[in-house]
Structure formats: C-alpha cells, structure tokens
Amino acid sequence: QVQLVESGGGLVQPGGSLRLSCAASGMRFSISTMGWYRQAPGKQRELVAEITSGGSTKYSDSVKGRFTISRDNAKNTVYLQMIGLKPEDTAVYYCKGSYFQSVYWGQGTQVTVSS
C-alpha cells in the first residue's frame, strides 16, 4: 500500500521559513517524479515544484528563488524548503508521487503565513 505522509506545515510570519517533508512508502520512490502542489481556499490545486528521478527541478513562477525542492532517495523523502514566505503562500500543501501511469497523493499539510 502506497503512503505519502507530509509534515512540517504550520503558522509562520511573513518573511519566515518552513521546510516540508514527504515520506513515501510502498512505492518505487527512486524512479518516481515527486512534486509539491498547493491549494488555497476557493482556488484550484496548482503545481509548486517538481523533481524528477534524475534530479531535474521545475518551479512555478510565483515561488522561484524562494522555494527549493530536494529529495533523499535513501530516506524515500522529498523536501520543500520555503523561505521568504508571503501571505499568498497560505494553502494546503500536497505531496505527489508518480511513475509510469501511477499517481499518488498525500493527505496534505496546512501552511499559514500571517502576522
């Protein structure tokens, strides 16, 4: 059974930092493309960042230069380091794993940026 478990969300002031983690089990993590998505209230889920099995990364324009995605295949974990957080970054952040035609999602972790 595949599980993706996110952690690291919380309440942070504008300009602050958080690191999200997503621990995967039951899937072929090392050959998977892993991604972070977010969904704010009343909005569609959107891609934040993605990292391929080979380490290539992709970011949405709104987070470039502030967020960094990375992976540790030995720990089956993908990370999202977020700095310079803004109120508009407030959302539920979801981890996604995909390989071949299989797609898996985590349950999400709330990130709230507010003073």
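Could you please give the count of residues in the stretch 77-115 that are of a type in the set (Phe, Trp, Tyr), open to solvent by 20 Å² or more (accessible area, probe 1.4 Å) and under 12 Å from the mean Cα position of the chain (by Cα)? Residues flagged as of a type in the set (Phe, Trp, Tyr), open to solvent by 20 Å² or more (accessible area, probe 1.4 Å) and under 12 Å from the mean Cα position of the chain (by Cα) within the stretch 77-115 amount to 3.
Screening 24, 49, 74 for residues that are open to solvent by 30 Å² or more (accessible area, probe 1.4 Å), among the aliphatic types (A, V, I, L, M) and on the phi < 0 side of the Ramachandran plot leaves exactly one candidate, 74. Checked against (1) in a strand (DSSP E or B); (2) farther than 15 Å from residue 82 by Cβ, residue 21 passes all but condition (2). Per the listing 2, 12, the residue uniquely over 18 Å from residue 100 (Cβ atoms) and either aliphatic (A, V, I, L, M) or modelled with pLDDT under 95 (or both) is 12.
The values are calculated or read from the model by the stated rules, or taken from the named source; none is laboratory data. Note that this is a predicted model, so its numbers are computed, not measured. Here Cβ is always computed from backbone atoms with ideal geometry, including for glycine, and neighbour counts include all displayed protein chains. Quick note on the areas: whole protein, heavy atoms, side chains included, nothing else; ligands and nucleic acids left out. Shrake-Rupley method; radii C 1.70, N 1.55, O 1.52, S 1.80 Å.
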